[in-house]
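To keep things clear, I will list the structure first and then write my remarks on it.
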Amino acid sequence: MTLSRLLRHETILAVLTVIALIVLASLSDKFFTTENLLNQGRLMSEVGLVALAMTFVIVTGGIDLSVGSILGLTAILLGVFWKNLGLPLPAAIALAMLCGTFAGWVNGYIITRFNVPALIATLATLALYRGLAEGISQARSVRGYPEWFFFFGQGEVLGVPFQLWLLGIATVIAAVVLGLTPFGRATYAIGANETAARFSGIRVNATKLWIYSAAGFLSALAAVVFVSRVTTTRSDMGTGLELDVITGVVLGGTSIFGGRGTIIGTVLGLILIQALKNGLALSGVKGDGTIVVIGLVLIGAILVGALFDKNRGG
Amino acid sequence: MGSGTQNSDSAGGDGATSGFLPIELRAVSKSFAGIKVVSNVSFDIRPGEVHALMGENGAGKSTMIKIMAGLHQADEGDILVNGKVVKFASPKDAHAAGIATVHQELLLFPELTVAENIFLGQTPKTAMGLIDWQAMRVRARDLLNSLDSHDLDIDQKVASLSVGNRQRIEIARALAQDARVLIMDEPTAALAEADVQRLMAIVRNLCARGVAIVYVSHRMPEIFALANRVTVLRDGQHVATKPVSEVDEAKLVSMMVGRSIDRLYPPKQGENGNVALELRKVSFGKVVRDISFSLRYGEILGLAGLVGSGRTETALTIFGITPPTSGDILVDGKPQVISSPEAARDLGIAYVPEDRGQQGLIKAQSIEDNIALANLRRLMRGIFVDAARVTEEARKAITRFGIRARGPEQLVRQLSGGNQQKVVLGKWLATNPRILIMDEPTRGIDVGAKAEIHQLMRKLAGEGMAILMISSELPEVLGMSDRVLVMGGGRVVAEFDKAHATAEAVGAEMTRSDARDAA
């Protein structure tokens, strides 16, 4: 796997991101300030954590639409375990995250055991997990968390938001696993040709189970950060998150058909989207306009990628 | 087989028709991506003859057929129909010139009726421009009757019909187009013996009506029973066109492969060792039934049989893709539960699958990625894949197997079939297997690479590897195997040692088992 070949899309994306940053900085003097950039990093962390796992999912040729619902479910369970069941908050957090991870595992189990397409399976659990969250919460929000809990979503370490550290560490781990380990090789192989992977002695089902469980785990982790950041738990948390996540991953050059993609690409894609959202808002573009621009950038990036792909030749 | 009987009848050796040949090819050449697959081929088809087109896989038969059928256009040379030069821009032009094809994969519409399929695209119309159902049904009935297929119901949906019946519909469809030439691409490959006989009767019937048949088949008995003349291609070159009466089987084979057969298959080296693999009454559902055999180190065991006889299914059961539902598999005399390909690999079993593109390779990845895939655990440093060793391993395989590639990072999909097969072999031999299962090891690869793979198999067996080879090419089974098992209907129906494994004996068992299964 030559690095230059894989990095081609990422190079384009990096150039695009730099251009976007320069343009946005020139449009508004509030954009390119340390404070604003760190704050944007804070806002991007939840989507970012989930996008790391989603990169693996999409590289295997799958998709996970239920991540937003898992986030919502984990958030609700956290609140309920703590407030209604009276568990100590650390135990409630741990248990809720375990449930979120289990929800991800269930996705993987349905997909591998019953051979259901990932799109269908997670479309079903998208509804299922959200429904559970709403049923459990009874439309009541949970608030009044102790002060220390807000550290995860609002605290800083060495002047950098806590969740950015979390995202950074998770990114390094994900990049190493996908790029350098047998697990990563298996992930690419499954996405490029699942049958051949199986015939080569790759543990296809086990690999997928791990990946969907990881998606559940990172969604749950994102839920804890989210609750801590906004200080309340509501059942509609994370609605539509899956679309932001998938947009970032695909913009990052991961093939929706599987077999190709990198963590670096995903991170660049996320940064570009967050920068556009924030920069355009700061320069007075309304919300609708921002979405249109993001859509255009996505199409543009994919077209450019396809062009380079063609030039590479058969 | 009734060889010789046809040569005297309708076959057009007579000069009277020579000006009106249904097809004549003059110095036809065709290249794909700069590689010449057909070079300077000339032959003609005479009215009412069965003209066999023979050659090894990759010899250019398919390309020739497609040129005649208008699917490909020749780069050089001329096609003449009735003495006039024609250009076929599409299959439609070929149809208009009276050339129809019965493809290997039948191209019928399963949800339409027999009559609708026969007349699709040429439906009889009423004065109002509507479909004339009455005329269509009457003409469909007539056509099928003329093919002695009175038993076929014209109102039945095609989906419910057997392969043999569907083939007759395809032939009727060609006749409805007033075909003067019918190209049949391996028409008997998927047929049961009874259907083969019936097809041969239909072919004779068509010839008697003056339809010329271009008949592509690997099966020697059919060629000698049906054909008037035979054209042999090798590596895209025209070797010869001869009356069937002037050749025999050995001659045809040597024309096809370009050397004598005993030089093609390398002799056995060394003695057999202990039993490596033993199956005791192994079954998987209804496709693998009560299979028992043993395979020794240093031995090449050939598994013969028709398509669907359970050979590949047996291999998949041994390899853990479809673990046995009953029975025991013993490796080195110890019963083993092989529940997955990784379990099989860890026991030293390797499987080079039948479908190279789907099962054997990840075509979008590089040679080194493919070769490392079955062997990742051995190519690690700490918890990481050691990229340098992956490349090193690929380089070794490229040298060892003579893979023609730019380097380890070249994408597998850019390689030729033979080189792709060597990559699959390289991947599995990198795991140091002791038992190697090869399913159609030389399917779709050129003659040169084929011989190299045969040499390699012999060498591996000589070094003590136990090899189970599945092949649909009888010459390969007979030439390579130390022992031959014949399968039919999911069972082992016969066993031959080297001395008794003749084409007649093995062929008879293959087809007999098939008839037994149908009964």
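A compact table of results
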{"quantity": "Unique match (being among the β-branched types (V, I, T), under 19 Å from A:G68 (Cβ atoms) and either modelled with pLDDT under 95 or surrounded by fewer than 20 Cβ atoms within 10 Å (Cβ to Cβ) (or both)) among A:T232, A:T195", "calculated": "A:T232"}
{"quantity": "Selection count where residues are facing another protein chain (nearest Cβ under 7 Å) and either among the hydroxyl-bearing types (S, T, Y) or under 15 Å from B:I437 (Cβ atoms) (or both), scope region B:352-374", "calculated": "5"}
{"quantity": "Residue pairs meeting the criteria (Cβ under 8 Å; at least 6 apart or on separate chains; first assigned to a helix (DSSP H, G or I), in region A:79-104; second of a type in the set (D, E, K, R))", "calculated": "A:G104/A:D64"}
{"quantity": "A:S4, sole failed condition from (1) surrounded by fewer than 19 Cβ atoms within 10 Å (Cβ to Cβ); (2) modelled with pLDDT of 90 or more; (3) not in a loop (DSSP other than H, G, I, E, B)", "calculated": "(2)"}
{"quantity": "Candidate set: region B:434-471, residues that are more than 26 Å from B:I321 (Cβ to Cβ) and acidic (D, E); chosen: the one modelled with the highest pLDDT", "calculated": "B:E463"}
{"quantity": "Matching entry among B:V85, B:V37, B:V41, B:V138 (being of a type in the set (V, I, T), without any contact (Cβ under 8 Å) to a residue 12 or more places away in the chain and in a strand (DSSP E or B))", "calculated": "B:V85"}
{"quantity": "Filter result for the condition that a residue is surrounded by fewer than 19 Cβ atoms within 10 Å (Cβ to Cβ), charged (D, E, K, R) and assigned to a helix (DSSP H, G or I), over B:R204, B:R173, B:R168", "calculated": "B:R204"}
{"quantity": "Single condition A:L243 does not satisfy, out of (1) touching a Lys or Arg at 6+ places or on another chain (Cβ under 7 Å); (2) more than 14 Å from chain B (Cβ to nearest Cβ); (3) closer than 18 Å to A:G261 by Cα", "calculated": "(1)"}
{"quantity": "Helices (runs of 4 or more DSSP H) wholly inside region B:397-509 that include at least 2 residues being more than 14 Å from every other protein chain (Cβ to nearest Cβ), of a type in the set (S, T, Y) and surrounded by 20 or more Cβ atoms within 10 Å (Cβ to Cβ)", "calculated": "none"}
{"quantity": "Where B:R219 falls short, out of the listed (1) within 22 Å of B:A59 (Cβ to Cβ); (2) touching a residue at least 40 places away in the same chain (Cβ under 8 Å)", "calculated": "(2)"}
{"quantity": "B:Q167 vs. criteria under 31 Å from the mean Cα position of the chain (by Cα) and not hydrophobic (A, V, I, L, M, F, W, C)", "calculated": "yes"}
{"quantity": "Criterion: buried (at least 17 other Cβ atoms within 10 Å of the Cβ) and under 15 Å from the mean Cα position of the chain (by Cα) - qualifying residue of A:I70, A:I76", "calculated": "A:I70"}
{"quantity": "Identity of the residue in region A:25-37, in contact (Cβ under 8 Å) with a residue 60 or more places away in the chain and either loosely packed, with under 15 Cβ neighbours inside 10 Å or touching a Ser or Thr at 6+ places or on another chain (Cβ under 6 Å) (or both), that ends up farthest from A:S283 (Cα to Cα)", "calculated": "A:K30"}
{"quantity": "Odd one out for A:F183 among (1) in a helix (DSSP H, G or I); (2) among the hydrophobic types (A, V, I, L, M, F, W, C); (3) more than 14 Å from every other protein chain (Cβ to nearest Cβ)", "calculated": "(3)"}
{"quantity": "Condition broken by A:G41, with the remaining ones in (1) at pLDDT 95 or above; (2) surrounded by fewer than 24 Cβ atoms within 10 Å (Cβ to Cβ); (3) of a type in the set (G, A, S) satisfied", "calculated": "(1)"}
{"quantity": "Lone unmet requirement of (1) out of contact with any helix residue (DSSP H, G or I) (no Cβ under 6 Å at 6 or more places or on another chain); (2) hydrophobic (A, V, I, L, M, F, W, C); (3) within 19 Å of B:D369 (Cβ to Cβ) for A:I202", "calculated": "(1)"}
{"quantity": "Qualifying positions in region B:351-375 - hydrophobic (A, V, I, L, M, F, W, C) and out of contact with any Gly (no Cβ under 9 Å at 6 or more places or on another chain)", "calculated": "B:L361, B:A372"}
{"quantity": "Filter result for A:I169 (assigned to a helix (DSSP H, G or I), surrounded by 21 or more Cβ atoms within 10 Å (Cβ to Cβ) and either under 21 Å from the mean Cα position of the chain (by Cα) or at pLDDT 95 or above (or both))", "calculated": "no"}
{"quantity": "Among the residues listed as B:L316, B:L301, B:L330, the single one being crowded, with 20+ Cβ neighbours inside 10 Å and more than 10 Å from chain A (Cβ to nearest Cβ)", "calculated": "B:L301"}
{"quantity": "Criterion: small (G, A, S), over 20 Å from the mean Cα position of the chain (by Cα) and under 23 Å from B:S339 (Cβ atoms) - qualifying residue of B:S245, B:S292", "calculated": "B:S292"}
{"quantity": "First in region B:314-330 and within 18 Å of B:M438 (Cα to Cα), second anywhere and assigned to a helix (DSSP H, G or I) and of a type in the set (K, R), Cβ under 9 Å, 6 or more apart", "calculated": "B:F319/B:R345; B:G320/B:R345; B:I321/A:R198"}
{"quantity": "Residue satisfying condition, being surrounded by fewer than 21 Cβ atoms within 10 Å (Cβ to Cβ), in a helix (DSSP H, G or I) and touching a residue at least 40 places away in the same chain (Cβ under 8 Å), within set A:L16, A:L52", "calculated": "A:L16"}
{"quantity": "Test set (1) surrounded by fewer than 15 Cβ atoms within 10 Å (Cβ to Cβ); (2) within 19 Å of the chain's Cα centre (by Cα) - A:L126 fails condition number", "calculated": "(1)"}
{"quantity": "Given (1) at the interface with chain B (Cβ under 10 Å from one of its Cβ atoms); (2) in a helix (DSSP H, G or I); (3) more than 13 Å from A:L52 (Cβ to Cβ); (4) among the hydrophobic types (A, V, I, L, M, F, W, C), index of the condition A:I202 fails", "calculated": "(2)"}
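Residues are listed down the side, and each one gets a yes or a no for (1) more than 22 Å from the chain's Cα centre (by Cα); (2) within 22 Å of A:V47 (Cα to Cα); (3) among the hydrophobic types (A, V, I, L, M, F, W, C):
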{"residue": "A:A94", "(1), (2), (3)": "no, yes, yes"}
{"residue": "A:F102", "(1), (2), (3)": "no, yes, yes"}
{"residue": "A:W105", "(1), (2), (3)": "no, yes, yes"}
{"residue": "A:I111", "(1), (2), (3)": "no, no, yes"}
{"residue": "A:G135", "(1), (2), (3)": "yes, no, no"}
{"residue": "A:P161", "(1), (2), (3)": "no, yes, no"}
{"residue": "A:L164", "(1), (2), (3)": "no, yes, yes"}
{"residue": "A:I173", "(1), (2), (3)": "no, yes, yes"}
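Quick grid of which residues meet (1) assigned by TED's automatic domain parsing to the domain that holds B:I65; (2) under 28 Å from B:A97 (Cβ atoms); (3) not acidic (D, E):
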{"site": "B:L120", "(1), (2), (3)": "no, yes, yes"}
{"site": "B:G129", "(1), (2), (3)": "no, yes, yes"}
{"site": "B:D132", "(1), (2), (3)": "no, yes, no"}
{"site": "B:V138", "(1), (2), (3)": "no, yes, yes"}
{"site": "B:N145", "(1), (2), (3)": "no, yes, yes"}
{"site": "B:V158", "(1), (2), (3)": "no, yes, yes"}
{"site": "B:A192", "(1), (2), (3)": "yes, no, yes"}
{"site": "B:D195", "(1), (2), (3)": "yes, no, no"}
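Quick grid of which residues meet (1) in a helix (DSSP H, G or I); (2) among the β-branched types (V, I, T); (3) within 14 Å of chain B (Cβ to nearest Cβ); (4) surrounded by fewer than 24 Cβ atoms within 10 Å (Cβ to Cβ):
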| site | (1), (2), (3), (4) |
| --- | --- |
| A:V224 | yes, yes, no, no |
| A:I271 | yes, yes, no, yes |
| A:N278 | yes, no, no, yes |
| A:G289 | yes, no, no, yes |
| A:A301 | yes, no, no, yes |
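The values are calculated or read from the model by the stated rules, or taken from the named source; none is laboratory data. Not measured: the values here are computed from a predicted model. Quick reminder, even Gly has a Cβ in these numbers, built from the backbone with ideal geometry, and neighbours come from all protein chains shown.
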